[in-house]
Structure formats: structure tokens, C-alpha cells
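Worksheet: one structure, shown below.
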Amino acid sequence: MKAWWILPNRDQRDDILASDGFTVRPLKEVLDPTRRPGGFSHGVPNELIQRCGLEAVSKILFAQKFPCWEGNKQLFFISTPAGIDSSGRVVHLGVLFILDAQERPRFDMPYVGLSSEDQAYARTLIHRMTSPAQDDFWVRSVRELAELPATSGPATNIALQRSVVPFLSLYDIGPGGLTRKSRFGRMRSLVAPEV
């Protein structure tokens, strides 16, 4: 397993930065843009922020899984909002995993080389993923995504209505909160309206 933090773009630079927890370099050196699968997002899609509302932004976890990427490798990415930049735009902290076919993401990455602000978000993300609250359905959705078999194809934990490529998705979000999709298209609500 290889893992990199994808750092918030607080300065609105052209390059998105990545870190192995110690050193920082451009994301394009970690994952060449020409090798990125269609629909890859390095942050929480704006449509999820709009659908959740600003009051629930801090709870969002967005994850993508690309099995069978470059042979038997898979990409797994998880992102969460990490504050706002000087213009008031939501920025994101993410973790990109490059995994072997049967590997699952492990949230034991170092983060000492991140800024103190980013360290706080990294610590929170790791804690949520390793010691989730019983009612944290965002974490549940990410864990279920990690367990999907490779034959499922590209998938996200939360359905995207405006995605440029089709993804299998396990959950949807609406006025009632997160909703688990069933195999047959029916859904059942899992959380209260607070999202």
C-alpha cells in the first residue's frame, strides 16, 4: 500500500500538493494526470456540499474506488472538507491510496510534515476512520466502499448526479440525510435530517 495526503489548496495555486506525511511535492508527481481515471476528484465535489448545506459540511466524507487501475492495482481516495480559503471557498484534505488488488486502505499514515492546520484535519480524519462513532454513517459508507469487490467497477460512497462518468454508488443524500441504496433501487433512510 502506498498512501499520500492530498493537501488543501488554501493559496489557490495551480499545483495541487501531496505529501507522504513527511515531504511535500506536486500531486502530478505522485499520480500523473494522464494516468488518472475518468471522474477522479481530488476533493469533495461541490454538488455534495450544495446538497448537504454549509451547516453539515464538516461531516462529509467523499470516497472513490477505481479497481483494476493499471493492471491489478486499485486507486482508493477519500476526502473531507478542511476549512475555507481567504476567498471563502471550501478546501479539502484527502488521502490517496494505491493498493494491490486485495488490499484495503489502512489509516495509519504519518502526518508530521503537514502544516499545523492540516495536521488537525488529518488527525480528525484518521480518528473518524479508526474509531468511528456508532452513528457516523459517512464512515460506514466509506468502509462499505472499501469492501466492494473489484468486479463492481468504479464506485463512490455517495451518488453524484453531475458526474462526467458513471459510478456505482452505495448511498445517496437528500433531505432525510444519508440513504443506503438497496440492490433493487429502493432506499432506506439511515440518519436524521441533520445529515
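The values are calculated or read from the model by the stated rules, or taken from the named source; none is laboratory data. Treat the numbers as computed from the prediction; the structure is a model and nothing was measured. Using ideal geometry, Cβ is built from the backbone for each residue, glycine included, and neighbour counts are taken over all protein chains shown.
When the residues of segment 1-53 are narrowed to those that are among the aliphatic types (A, V, I, L, M) and over 14 Å from Leu93 (Cα atoms), which ends up surrounded by the fewest Cβ atoms within 10 Å (Cβ to Cβ)? So, considering only residues that are among the aliphatic types (A, V, I, L, M) and over 14 Å from Leu93 (Cα atoms), the one surrounded by the fewest Cβ atoms within 10 Å (Cβ to Cβ) is Met1.
Considering only segment 110-124, I want to know if a residue exists there that is buried (at least 19 other Cβ atoms within 10 Å of the Cβ), polar (S, T, N, Q) and either free of Cβ contacts under 8 Å to residues at least 12 places away in the same chain or under 22 Å from Pro37 (Cβ atoms) (or both). No, segment 110-124 contains no residue that is buried (at least 19 other Cβ atoms within 10 Å of the Cβ), polar (S, T, N, Q) and either free of Cβ contacts under 8 Å to residues at least 12 places away in the same chain or under 22 Å from Pro37 (Cβ atoms) (or both).
For segment 65-82, does any single residue satisfy the condition of being part of a loop (DSSP other than H, G, I, E, B), of a type outside the set (Val, Ile, Thr) and either touching a residue at least 60 places away in the same chain (Cβ under 8 Å) or within 22 Å of Arg13 (Cα to Cα) (or both)? Even if it seems obvious, please write down each step before you answer.
Keep residues of segment 65-82 that are part of a loop (DSSP other than H, G, I, E, B), which gives 70-72.
Of the ones still in play, those that are also of a type outside the set (Val, Ile, Thr) are 70-72.
Cutting the leftovers down to either touching a residue at least 60 places away in the same chain (Cβ under 8 Å) or within 22 Å of Arg13 (Cα to Cα) (or both) gives us none.
Among the residues of segment 65-82, not one is part of a loop (DSSP other than H, G, I, E, B), of a type outside the set (Val, Ile, Thr) and either touching a residue at least 60 places away in the same chain (Cβ under 8 Å) or within 22 Å of Arg13 (Cα to Cα) (or both), which makes the answer no.
For the residues Arg36, Arg25, Arg13, the requirement of being at pLDDT below 90 and among the charged types (D, E, K, R) singles out Arg13. Restricting attention to segment 137-183 and to residues that are of a type in the set (Ser, Thr, Tyr) and at pLDDT 90 or above, the residue that is surrounded by the fewest Cβ atoms within 10 Å (Cβ to Cβ) turns out to be Ser169.
If you go through segment 12-57 and keep only what is touching a Ser or Thr at 6+ places or on another chain (Cβ under 9 Å), part of a loop (DSSP other than H, G, I, E, B) and not aliphatic (A, V, I, L, M), you end up with Gln12, Gly39, Ser41, His42, Gly43, Pro45.
Does segment 99-106 contain at least one residue that is part of a loop (DSSP other than H, G, I, E, B), surrounded by fewer than 20 Cβ atoms within 10 Å (Cβ to Cβ) and either modelled with pLDDT of 95 or more or under 15 Å from the mean Cα position of the chain (by Cα) (or both)? Write out each step before concluding.
Taking segment 99-106 as the starting set, the residues that turn out to be part of a loop (DSSP other than H, G, I, E, B) are 100-106.
So of that shortlist, the ones also surrounded by fewer than 20 Cβ atoms within 10 Å (Cβ to Cβ) come out as 100-104, 106.
Next, only the ones that are either modelled with pLDDT of 95 or more or under 15 Å from the mean Cα position of the chain (by Cα) (or both) stay: 104, 106.
Scanning segment 99-106, I find at least one residue that is part of a loop (DSSP other than H, G, I, E, B), surrounded by fewer than 20 Cβ atoms within 10 Å (Cβ to Cβ) and either modelled with pLDDT of 95 or more or under 15 Å from the mean Cα position of the chain (by Cα) (or both), so the answer is yes.
The set of residues in segment 83-94 that are part of a strand (DSSP E or B) and touching a residue at least 12 places away in the same chain (Cβ under 8 Å) comprises Gly83, Val90, Val91, His92, Leu93, Gly94. For segment 130-159, a residue qualifies if it is under 17 Å from the mean Cα position of the chain (by Cα), more than 23 Å from Glu47 (Cα to Cα) and touching a residue at least 60 places away in the same chain (Cβ under 8 Å), and exactly one does: Leu148.
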